[in-house]
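Notes follow the structure.
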Amino acid sequence: MKNIDTTLAALADPTRRRVIDALRSSPRRPGELAATVGMSSPALSRHLRVLRSNGLVEAHLADEDARVRVYRLRHEPFVALQAWLDQVESFWGDQLDAFKAHVERSRKRKVVK
């Protein structure tokens, strides 16, 4: 559960969510990400550091220039988050099904009386 907590904490910031959205289409350089989210590269670097330290993104050196990093999403944290969300959804689905059954039983009792 700790990984989900850190994932959710990292995603709590709207700028980081915009970075994640930008990386969904393809890996990007920091400058491209900064332009996409509308902030300076130094300001964005703090957000990239948080995303990287929480395992949501990873940086690789660009093939054409070893001085440049390219950021991409890591699959694993999002799979774990989706699994947790599926469990929560299943719980609420079960609760709503039970409530529906209760309401239907209540209606039948009123009709019989």
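Bear in mind that the values in this text are calculations on the coordinates, not laboratory data. The structure displayed is predicted, hence computed values, not measured ones. A quick note on method: Cβ atoms are made from the backbone with ideal geometry, for glycine too, and the neighbour counts reach across all protein chains shown.
Worth a mention:
- Modelled spin-label separation between R17 and R49, with each label point placed 7 Å from Cα along the Cα-to-Cβ direction: 2.4 nm.
- Mean sequence separation of contacting Cα pairs (under 8 Å, at least six apart), scaled by the length of segment 1-81, corresponds to a relative contact order of 34 percent.
- The string of couplings for segment 59-72 from the Karplus curve (6.51, -1.76, 1.60, θ = phi - 60°) is 10, 10, 6, 5, 4, 7, 8, 5, 8, 9, 8, 10, 9, 9 Hz, one whole number per residue in order, with x for Gly and Pro.
- Selection of trypsin sites (Lys or Arg not before Pro), segment 25-71, meeting DSSP coil and at most 11 other Cβ within 10 Å: R67
- Globularity index of the chain is 1.65 (Cα radius of gyration / 2.2 N^0.38 Å, N = number of residues).
- 13 Å cut-off, amide nitrogen to a point 7 angstrom out along S41 Cα→Cβ, residues in segment 66-80: 67-70
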